[in-house]
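J.: Please read through the structure below; I'll follow up with questions.
The values are calculated or read from the model by the stated rules, or taken from the named source; none is laboratory data. All figures in this text were calculated on a predicted structure; none of them were measured in a lab. With ideal geometry, Cβ positions are generated from the backbone for all residues, glycine too; neighbour counts draw on all protein chains shown.
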Amino acid sequence: MDKRAEGPAEDAAPAPSAPGPAYTFDANGFIQELEETLIGKVAGYSIGLNENGSTIAQPSWNWAKQPRDGGEGWTPDTRMHVASLSKIVTAIAMTKLLLEAGIQPTTPIIDYLPAYWVKGPNVESIRFFDLLGHTSGLAYQAPQWGDFEWMKEQIAVGTFNRGSYDYQNLNYGLCRILLATVNGNVPVDWVFPGWQGSPDSLWDCSTIAAYESYVADEVFAPSGVSGPGFTHDPADALAYDFPVTGRGWNSGDMTYMSGGAGYHMSVNEVLKVMGTFRRDGTIVTPSQAQAMLEDGFGINAPPVWTNLGTYYVKFGGWTGESDYEEQGEAFFLPLNMELVVLVNSQVAGQGPPPNGNSLEQWVASAYKNHIVAVPPPAASASPA
């Protein structure tokens, strides 16, 4: 007799466990909590929540421009300087261009930088991946800046911190320059014939123009978006302190920060770009879009796991005199949802980063509070 057949089998598979609870999202409750959090605690806001590109909710409250500044209420079509939400746009553009050019994100950037720039220590080891993921080590733990002269100086300084995460606007400003050279708009050895002065201003203007044109054609147009730019139009929202004490603040012409910041966009425009990029396949394929998010390009690290799945968030802010602030939040959520929140002041009680209560934390808390377990179906009565 086969002794293995006697008694319980030691290696038998365990009995299947009961399935875990299913979860759903209470969108109405989320929006209600988010509004209760913000109403009376900011100068004004606009919120947009979409699912599969269709509107779930679009609440707006109070003034984009206070009556003393002309009086304009917030709507989902009101533009504001969205600051670092511009990095989403830049990451999408770079992802598309690198794919088209057959260049891997792990490719070093050195051969695509302006030839006349001095390259400091270890610049040869910086990859596109490092710029898009903020691990270049350039300007490590220095103030966040990103105009042309600053980027040129930091390339000359070089880095001994490549691979260490340090959020820097210049990483995405450099992407703006590299987009122009990779795409062939500006050759790396380009010089303007007969020009006697520094080439910096010509390179700056030319790469900005190439970047803006590529984004308009390859990111905005497929998304059904036209018109966002780097300058402040009269209809755009103004920034305020909170409580509001005076006239609004205009962050002005942000062209010099293009790549890392600068775009003036509305809630609806940001949502259209996010949804088109993520699902439509007209910019990149959905799998390529997902890979970009998983690599941490254009978002703040790390991604956040929930019972509904993983979400990816980008937050941005631009502060002017007297703590006047423009703030934006963009969430790529589970269930094919996208969320954008624009606020034109600090939130009451929000201190300066990194120790203050950030808008991102308030939004994330409200979201997580409305992921709810689905009750199991009631057991049917057994027949007598």
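J.: Could you check, for the range 103-117, whether at least one of its residues is part of a helix (DSSP H, G or I) and in contact (Cβ under 8 Å) with a residue 60 or more places away in the chain?
T.: yes
J.: Within the range 174-199, can you find the residues that are of a type in the set (Gly, Ala, Ser) and touching a residue at least 12 places away in the same chain (Cβ under 8 Å)?
T.: Ala180
J.: While we're on this one: Please pick out the residue among Lys65, Lys87 that is buried (at least 23 other Cβ atoms within 10 Å of the Cβ), in contact with a Lys or Arg (Cβ under 7 Å, 6 or more places away or on another chain) and among the charged types (D, E, K, R).
T.: Exactly one of Lys65, Lys87 is buried (at least 23 other Cβ atoms within 10 Å of the Cβ), in contact with a Lys or Arg (Cβ under 7 Å, 6 or more places away or on another chain) and among the charged types (D, E, K, R), namely Lys87.
J.: Let me ask another. With respect to Phe160, determine if the residue is in contact (Cβ under 8 Å) with a residue 12 or more places away in the chain, of a type outside the set (Ser, Thr, Tyr) and buried (at least 16 other Cβ atoms within 10 Å of the Cβ). Steps first, answer last, please.
T.: Numbers: in contact (Cβ under 8 Å) with a residue 12 or more places away in the chain: yes; of a type outside the set (Ser, Thr, Tyr): yes; buried (at least 16 other Cβ atoms within 10 Å of the Cβ): no.
When the stated conditions are applied, Phe160 does not pass them.
J.: Inspect all residues belonging to the range 149-172 and state whether any of them is in a loop (DSSP other than H, G, I, E, B), at positive phi and at pLDDT 95 or above. Outline the logic, then answer.
T.: Going through the range 149-172, the residues in a loop (DSSP other than H, G, I, E, B) turn out to be 158-168.
Filter once more, keeping what is at positive phi: 158, 163.
Checking which are at pLDDT 95 or above leaves us with 158, 163.
Among the residues of the range 149-172, at least one is in a loop (DSSP other than H, G, I, E, B), at positive phi and at pLDDT 95 or above, which makes the answer yes.
Yes or no, residue by residue, for (1) in contact with a strand residue (DSSP E or B) (Cβ under 9 Å, 6 or more places away or on another chain); (2) among the aromatic types (Phe, Trp, Tyr):
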residue: Gln168; (1), (2): no, no
residue: Asn171; (1), (2): no, no
residue: Pro187; (1), (2): no, no
residue: Trp195; (1), (2): no, yes
residue: Ser198; (1), (2): no, no
residue: Ser206; (1), (2): no, no
residue: Ala209; (1), (2): no, no
residue: Pro228; (1), (2): yes, no
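A quick yes/no check of all residues on (1) in a loop (DSSP other than H, G, I, E, B); (2) in contact (Cβ under 8 Å) with a residue 12 or more places away in the chain; (3) within 16 Å of the chain's Cα centre (by Cα):
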residue: Ala91; (1), (2), (3): no, yes, yes
residue: Leu99; (1), (2), (3): no, yes, no
residue: His134; (1), (2), (3): yes, yes, yes
residue: Pro143; (1), (2), (3): yes, no, no
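J.: Sticking with this one: Search the range 295-321 for residues being under 16 Å from Leu131 (Cβ atoms) and small (Gly, Ala, Ser), and hand back the single one that is surrounded by the most Cβ atoms within 10 Å (Cβ to Cβ).
T.: Top of the filtered list is Gly298.
J.: Right, next: Condition first: outside any helix (DSSP H, G or I), surrounded by fewer than 18 Cβ atoms within 10 Å (Cβ to Cβ) and touching a residue at least 40 places away in the same chain (Cβ under 8 Å). Can you find one or more residues in the range 200-207 that meet it?
T.: No.
J.: Follow-up question, since we're still on this one. Is at least one residue of the range 127-149 of a type in the set (S, T, N, Q) and touching a Pro at 6+ places or on another chain (Cβ under 8 Å)? Can you show your working first?
T.: Taking the range 127-149 first, the residues of a type in the set (S, T, N, Q) are 135-136, 141, 144.
In the following step, the residues that additionally are touching a Pro at 6+ places or on another chain (Cβ under 8 Å) were identified as none.
Within the range 127-149, none of the residues are of a type in the set (S, T, N, Q) and touching a Pro at 6+ places or on another chain (Cβ under 8 Å).
J.: Oh, and also: For the subset of the range 210-240 comprising residues that are of a type in the set (Ser, Thr, Tyr) and outside any helix (DSSP H, G or I), which member is farthest from the chain's Cα centre (by Cα)?
T.: Per the stated criteria, the residue is Tyr240.
Conditions tested, residue by residue: (1) small (Gly, Ala, Ser); (2) more than 18 Å from Trp117 (Cα to Cα); (3) more than 17 Å from the chain's Cα centre (by Cα); (4) not assigned by TED's automatic domain parsing to the domain that holds Gly146.
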residue	(1), (2), (3), (4)
Val188	no, no, yes, no
Gly197	yes, no, yes, no
Ile208	no, no, yes, no
Ala261	yes, yes, no, yes
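J.: Which pairs have Cβ atoms under 8 Å, sit 6 or more apart or on different chains, and link a residue in the range 314-328 that is on the phi > 0 side of the Ramachandran plot to one that is part of a strand (DSSP E or B) and modelled with pLDDT of 95 or more?
T.: Hits for this filter: Ser322/Trp249.
J.: Also, quick follow-up: Applying the selection to the range 56-96, what residues are over 23 Å from Leu271 (Cβ atoms) and in contact with a helix residue (DSSP H, G or I) (Cβ under 9 Å, 6 or more places away or on another chain)? Don't jump to the end; show me each part of the working.
T.: First, the residues of the range 56-96 that are over 23 Å from Leu271 (Cβ atoms): 66-71.
Result: no residue meets the conditions.
The rows are residues; the columns are (1) of a type in the set (Phe, Trp, Tyr); (2) within 28 Å of Thr181 (Cβ to Cβ); (3) surrounded by 19 or more Cβ atoms within 10 Å (Cβ to Cβ); (4) in contact with a strand residue (DSSP E or B) (Cβ under 7 Å, 6 or more places away or on another chain).
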{"site": "Phe220", "(1), (2), (3), (4)": "yes, yes, yes, no"}
{"site": "Gly224", "(1), (2), (3), (4)": "no, no, no, no"}
{"site": "Asp236", "(1), (2), (3), (4)": "no, no, yes, yes"}
{"site": "Pro243", "(1), (2), (3), (4)": "no, no, no, no"}
{"site": "Thr276", "(1), (2), (3), (4)": "no, yes, yes, no"}
{"site": "Gln288", "(1), (2), (3), (4)": "no, yes, no, no"}
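J.: Could you list, in sequence order, the residues of the range 23-62 that are over 24 Å from the mean Cα position of the chain (by Cα), assigned to a strand (DSSP E or B) and touching a residue at least 40 places away in the same chain (Cβ under 8 Å)?
T.: Listed by number, the residues that qualify are Tyr23, Thr24.
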